[in-house]
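Got a structure for you, written out below as structure tokens; questions coming shortly.
The values are calculated or read from the model by the stated rules, or taken from the named source; none is laboratory data. Just so you know, these numbers come straight off a predicted model, no measurement behind them. Counting neighbours? That spans all protein chains shown, and the Cβs are built from the backbone with ideal geometry, glycine included.
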Amino acid sequence: MDFFALALIIALPFVAGLAAALLPSDSRTPVTWLAGLTAATCLALTFSFYPAVSSGHVVRYQIDWIPQLGLGFTLRMDGFAWVFASLVSAMALLVVIYTRYYISREDPVRRFYLLFLGFMGSMLGIVLSGNLILLVVFWELTSLFSFLLIGYWHHKQAARDGARMALTITSVGGLSLLAGILVIGHIVGSYDLDAVLASGNAIREHHLYVPALLLFLLGVLTKSAQFPFHFWLPNAMAAPTPVSAFLHSATLVKGGVFLMARLWPVLAGTPEWFTILGLAGMASFVLGAYLAMFQQDLKGLLAYSTISHLGLITLLLSLGSPLAAVAAIFHMLNHATFKASLFMAAGIIDHEAGTRDLRQLSGLFRYMPITGTLATVASAAMAGVPLLNGFLSKEMFFAEAVETHANSWVDTIAPYAAVLGSTLAVTYSIRLIHSIFLGAPPPESFPREPHEPPFWMRFPVMCLVVTCLVVGIIPGLTIGPFLRIAVTSVLGEATPAYSLAIWHGFTIAFGMSVIALVCGTMLYLVAGNYLEHTDSPPVFGRIQGQRLFERTMVAISWRWARSIEEVLGTRRLQPQVRLLVAVAIAAGAIPILSAGLDFGPVGNGIDIAFTGLWCIGMVCAVAAAYLAKFHRLAALALLGGAGLVTCVTFVWLSAPDLAATQLAVEIVTTVLILLGLRWLPKRWRTAEEPIGVSDRLRRLRDLSLAVMAGSGMTVVSLAVLTRTSPDSIADFFIENAYTEGGGRNVVNVILVDFRGFDTLGEITVLGIVALTVFALLRRFRPAPDTIERPEQQRIQQSYDEAEPDRKAGATATEYLYVPSVIMQWMFPVVIVLAAYLFLRGHDAPGGGFVAGVALAAGFILQYMAAGTVWVEDRLRILPVVWMGVGLLLAALTGVASILLGDPFLTSYFQYADVPVLGKIPLASATVFDLGVFSLVVGATVLMLIAIAHQSIRRLRAARLEEARQLEEKQQWS
């Protein structure tokens, strides 16, 4: 039951997000209740694990995925994961309550909660992953969902720019993290988190430690917006305030420091870790605080202060001291509470006063006394004022900063940097409160008349501020037990003795706190007026990360891409195909030339009939290539002839499955090309025009590439077919197809059982391609008809009267393709054929793919024969639904095996005794094959219908233009 609850914590937000997208859009209440109940349920499920984790147990839930490669769906909850899962769930619940009153009725609320819950599930996945590869998957999902949430108000340029910047930086970091995890997994021999945590010495002593560390740190520093990647976070403030409160203070940016702490026992304690991470953390801590003082946008100030506090945590983790790790974990929790409350207070101010500009805000305390009081307490916690939670963790930071951890200049300047950064933090905290709430109201009126928000909008801020107070006053009774289980699960036996008392006497750390508070206050008294009126800091004002990022993106996406396009790009398809073929030839030739090929006995004699068959195919292929420039329809017919020869070859070589599939694909491909002929550009020359020397050289080059590619495939195929290796993989499939997969058709069993995961990936790609083709054709469709419908009818009628032999009202498609009546009669036959191919596929030639292509061909022939209007009036095909159902069926087949405790896509089969029919085989792979069938039907029909629609539109437009010209000619005559 615990295992099920652990998986449910991650799965529930994703399921709820999909459900939120289906709820009515005219009311915010149902979707808000759904999101709130989801967050509350995840929090309750997380709390249910407290007895286990508090006693030191680690709860694991593991499902093998690809055990041979060390990949598995492993969930793991210890004390550290429990604390962060509780933080994510509790903060999500508070943000949902806040969002109910913040988001406007005009905003797409369902889309917000869909993305919000998806991000919540992804963040919980990071926290609870017990496999590092699985963690990286959730890591990338958080980047994707944060990109969509930052760009939620996509009609704003700032939102689009900020979302693109955040995605670019964090995605590059995610790829680097993946590479680092792969190196760490290679060193350990496993990606299991428990195995990695137990291999600290082996990792640190390995010669690949430094590359792994550099890749790892690039990933975590970009996610936590640490120097020099800090600039993306302030630009993400274009997101709605609930997004900033959840992602940019409590969860997303905590992902990097969470993973640093998670792998601290493995990677910390080396000079490289101390130097790189220490410099990044120290620079972020001081620079973030410095830049925060000069911000005129309230959320911008909070964004830079977030960078600063994350730098403090990073600096603590770099020290390699267990006490420093305790302080880092403690400050992660404290920072989440006071920073989330400040972001929500900023949203309240913007929502009620109509602006976030500090220069337009003053004297708000008389209008919003409760909000002002809450914001003041949260700012004091951020500044490190005694009797608040921020003071406790910052004093622990000071105590560790003065200790000697390494004999380097970084360790020497750490205490001074700690005092400097804390002094600046006090300054911007005082400025935040003084500029907004104190003093007289501004001379000009506020954009809106400010007033206190509704109670429930203020309630989450109150909860967080009370937490800051309670933890600051009685830390041992409140946060103490939770911090203890988190620290113990990270440090294990190295957990040091520490105290959460609010008074430790007149220590050096206390003196540093007093110095920071006094100097920060004096700095604001001296420079407060200057800070209110300056637009940029006097130092680092021109060095802006955003500007460097934009210049880099321009260089990559414009200059470099333009240069590559000039060398490799072309508006014609043939040079691109030529390049791809040349690269493929090189990629195949290199291993062959280096390792060679093993040929077995070819056999005796030549089969005259088979040779004659191939001669026909070769003649068709060569003739199709020759006629492609002169007569495309004839070339297409000859190309079909070569395809039919290939089908017969498969039959000849005892591969009926391949033959049936090739035949179906050949039909659909021919139809596809036939529909697309009118889209091709005009031919360069006719058959009578002479061919120049350059054209002859070009054809000779293309012929050489074709001969090399064909010869290479021939040689490789001959080596595969004639080899006599005793460990052939074919023997394994032949021997185990029936006993392990429950089918006698080895090819189909391989596709839906042994290599089912590959097939799932392939049909997913097919669905993506179909949607892409449809989107492109929707964008580049022919110009719409300019003739009004009554005018069309009149011209059509006159054209019918001018051609009495022509059937009245007929469309062009009825004359270009087979008669509509025959094809309508044949459609039931095609359906029966598709069902027959599908049902026999597991034991005889057939299967879901060929059945799907056959049914798709039947659909598209209806379009060709009867026209789009006739078909769509009588058949509701809905190809996108077919695709969705197919992908869902295929995925659910794998999920069902997981629920039964087996690896993903494990198949089951048995015989069922059915009355009249007797015993019939039943295999779970049939459901997977049904998913393949459904997706192939949907994807193929979607692509072909899209092309058919555009082609028929063009034909009708040409027919109407011809009718118009005929009418004008009759008028002149």
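What number of residues within the range 344-354 are among the small types (Gly, Ala, Ser), part of a helix (DSSP H, G or I) and under 35 Å from the mean Cα position of the chain (by Cα)?
Qualifying residue count, the range 344-354: 3.
OK, next. Do any residues in the range 1-27 that are closer than 16 Å to residue 96 by Cα have Cβ atoms under 8 Å from those of residues that are surrounded by 14 or more Cβ atoms within 10 Å (Cβ to Cβ) and aromatic (Phe, Trp, Tyr), where the two are at least six apart or on different chains, and which pairs are they?
Going by the 8 Å Cβ cut-off, the qualifying pairs are 17/113; 17/116; 20/113.
For the range 355-382, name all the residues that are in contact with an Asp or Glu (Cβ under 9 Å, 6 or more places away or on another chain) and assigned to a loop (DSSP other than H, G, I, E, B).
Within the range 355-382, 356, 367, 368 meet the criteria.
Can you pull out the helices (runs of 4 or more DSSP H) entirely within the range 424-498 that have at least 2 residues that are without any contact (Cβ under 8 Å) to a residue 12 or more places away in the chain and not acidic (Asp, Glu)? Walk me through how you get there before you give the answer.
Numbers: elements: 455-473, 475-478, 480-491.
Hits in the range 424-498: 455-473, 475-478.
Criterion first (of a type in the set (A, V, I, L, M) and surrounded by 24 or more Cβ atoms within 10 Å (Cβ to Cβ)) does residue 283 satisfy it? Steps first, answer last, please.
Working: of a type in the set (A, V, I, L, M): yes; surrounded by 24 or more Cβ atoms within 10 Å (Cβ to Cβ): no.
The answer is no for residue 283.
Looking for whichever is surrounded by fewer than 24 Cβ atoms within 10 Å (Cβ to Cβ) and over 31 Å from the mean Cα position of the chain (by Cα) here; the options are 323, 319. Which one fits?
Working: 319 fails: surrounded by fewer than 24 Cβ atoms within 10 Å (Cβ to Cβ).
On inspection, the qualifying residue turns out to be 323.
Of 672, 638, 627, 663, which residue is within 22 Å of residue 946 (Cβ to Cβ) and surrounded by 15 or more Cβ atoms within 10 Å (Cβ to Cβ)?
Exactly one residue qualifies, and that residue is 672.
Now for a separate question. Going through the range 898-947 one residue at a time, which ones are charged (D, E, K, R) and out of contact with any Phe, Trp or Tyr (no Cβ under 8 Å at 6 or more places or on another chain)?
Residues satisfying the conditions are 902, 913.
If you don't mind, another one. Only one residue in 139, 153 is among the hydrophobic types (A, V, I, L, M, F, W, C) and not in a helix (DSSP H, G or I), so which one is that?
153
Quick one: count up the residues across the range 136-148 that are out of contact with any Gly (no Cβ under 7 Å at 6 or more places or on another chain) and buried (at least 24 other Cβ atoms within 10 Å of the Cβ).
1
Next up: Given the condition surrounded by 24 or more Cβ atoms within 10 Å (Cβ to Cβ) and touching an Asp or Glu at 6+ places or on another chain (Cβ under 9 Å), answer yes or no: does some residue in the range 909-924 qualify?
Our first condition is that a residue be surrounded by 24 or more Cβ atoms within 10 Å (Cβ to Cβ); within the range 909-924, this holds for none.
No: zero hits.
Would you check if there is a residue in the range 201-222 being crowded, with 21+ Cβ neighbours inside 10 Å, over 30 Å from residue 72 (Cα atoms), of a type in the set (Val, Ile, Thr) and within 23 Å of the chain's Cα centre (by Cα)?
no
Let me ask something additional. Scan 288, 219, 256, 300 and give me the residue that is over 30 Å from residue 39 (Cα atoms), of a type outside the set (Val, Ile, Thr) and in contact with a helix residue (DSSP H, G or I) (Cβ under 6 Å, 6 or more places away or on another chain).
After ruling out the rest, the residue left standing is 288.
Could you grab me the full set of residues in the range 76-124 that are more than 22 Å from residue 54 (Cβ to Cβ) and hydroxyl-bearing (Ser, Thr, Tyr)?
Once the filter is applied, which keeps residues that are more than 22 Å from residue 54 (Cβ to Cβ) and hydroxyl-bearing (Ser, Thr, Tyr), the range 76-124 yields 98, 99, 101, 102, 104, 113, 122.
Pairs under 8 Å by beta carbon, first residue touching a residue at least 24 places away in the same chain (Cβ under 8 Å) and among the charged types (D, E, K, R) in the range 274-298, partner surrounded by fewer than 23 Cβ atoms within 10 Å (Cβ to Cβ) and not in a helix (DSSP H, G or I), six or more apart or different chains?
Sorted first by the residue in the range 274-298, then by its partner, the pairs are 297/356; 297/357.
So, residue 9, is that one at pLDDT below 90 and of a type in the set (A, V, I, L, M) or not? It would help to see each step written out before you state the result.
Details: at pLDDT below 90: no; of a type in the set (A, V, I, L, M): yes.
Taking the combined requirement at face value, the residue does not satisfy it.
OK, next. Confirm whether residue 391 is assigned by TED's automatic domain parsing to the domain that holds residue 471, out of contact with any Leu (no Cβ under 8 Å at 6 or more places or on another chain), surrounded by 18 or more Cβ atoms within 10 Å (Cβ to Cβ) and assigned to a helix (DSSP H, G or I).
yes
Do you know which of the residues in the range 470-490 that are surrounded by fewer than 18 Cβ atoms within 10 Å (Cβ to Cβ) and aliphatic (A, V, I, L, M) is nearest to residue 196 (Cα to Cα)?
477
Still on this structure, I have one more. Name the single residue that is farthest from the chain's Cα centre (by Cα) among those in the range 595-620 being in a helix (DSSP H, G or I) and over 28 Å from residue 700 (Cα atoms).
Of everything passing the filter in the range 595-620, 608 is farthest from the chain's Cα centre (by Cα).
Please return the ranges of helices (runs of 4 or more DSSP H) entirely within the range 194-272 where 2 or more residues are β-branched (Val, Ile, Thr) and on the phi < 0 side of the Ramachandran plot.
Those helices (runs of 4 or more DSSP H) span 209-223, 241-247.
Against the definition (surrounded by fewer than 17 Cβ atoms within 10 Å (Cβ to Cβ), farther than 30 Å from residue 746 by Cβ and within 37 Å of the chain's Cα centre (by Cα)), how does residue 633 come out, yes or no?
Taking the combined requirement at face value, the residue does not satisfy it.
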